Amino acid sequence: IIKRPMRGFTLAEIAIVLLIIALVSGSMLGPLSKQIEQRRITETQKLLEQTKEALLGFAASRGYLPCPAVSATDGNEGTRNGSGVCNNLRGFLPWVALGITRTDSWGRLLRYTVTAPFANSLVKPPFSALGAYTIISSSSPAASLAASVPVVVLSHGPNGNGSVQENSIVL
């Protein structure tokens, strides 16, 4: 009886193949995650542009900007006092009033802040009126990106500092 050598792979050979597959797939995940992150940034920039257009349309049709949303779960415009000014000037984007989505590409609710004269439904601000907000760069706090802004819409971006996620809201 002649014994033939057994055919197949040894455990060491299989381990080496698995190591090579892990290295190749791991090297592909880095660029893939960067592409996904860039896509989210691009989508959020498009959403912010749509939000700007919706706010301009709202202001053009009514003559004032909307109040922040009633709550994180209710996208309707907030209430106003007897003088026509919003009871709350900071909060969440009134997505129902604007007809847009309420979250950015990371699933975080958009924040919204408006200057009182621009949200007054009874007294329209003059064209020369200035907003109350100044936008500064997080990388260079001394650098002002915009001054006298009447409204700010904020996405908390990839790190989400200070954000509220849609799936974390208790209804």
Rounded to whole angstrom, the alpha-carbon centroid of region 59-109 lies from that of region 20-44 at a distance of 35 Å
Here the gain from full extension of Thr79 to Ser121, 0.36 nm per residue of separation minus their alpha-carbon distance, amounts to 14.0 nm
The FRET efficiency for Leu32 and Ala143, from their Cβ-Cβ distance with R0 = 30 Å and rounded to 0.05, is 0.35
Computed over the chain: longest principal axis from alpha-carbon atoms vs helix 11-62 long axis, angle to nearest 10 degrees, is 10 degrees
GNM on the chain, Cα springs under 10 Å; top mean-square fluctuation among Thr73, Thr103, Thr51 goes to Thr73
Reviewing (1) 52, 35, 26; (2) 105, 40, 25; (3) 79, 48, 30, the figure for Cα extents along the principal axes in Å actually calculated from this model sits under (2)
Residues whose modelled amide H sits under 5 Å from the amide H of Arg80, counting only those 5 or more places away in sequence or on another chain, are Asn87
Descending packing, highest mean Cβ count within 10 Å first, for 149-156, 29-36, 81-88 is 149-156, 81-88, 29-36
If unit charges are put on Cβ atoms (+1 for Lys and Arg, -1 for Asp and Glu) and the dipole of the chain is taken about its Cα centre, the option from Leu32, Val153, Ile136 lying farthest towards the positive end turns out to be Leu32
Amide H proximity to Phe92 below 5 Å, modelled H, separation 5+ or other chain, gives Ala69, Tyr112
Over the chain, the sum of -39500 (n - 2.57) across DSSP H runs of at least four, divided by residue number and rounded to 500 deg cm²/dmol, gives at 222 nm -11500 deg cm²/dmol
For Leu65, the residues 5 or more places away or on another chain with a placed amide H closer than 5 Å to its own amide H are Ala119, Asn120
Quick calc: nm separation of the 7 Å Cα→Cβ label points for Leu56 and Ile14 -> 6.4 nm
Relative contact order of region 18-171 (C-alpha contacts under 8 Å, at least 6 apart) in percent is 19 percent
Note on region 59-171, DSSP bridge orientation, antiparallel percent to nearest 5 equals 100 percent
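Read the figures in this text as sums done on the coordinates, not as results from a lab. None of these values were measured; they are calculated from a predicted model. Cβ: placed from backbone, ideal geometry, glycine included. Neighbour counts: every protein chain shown.
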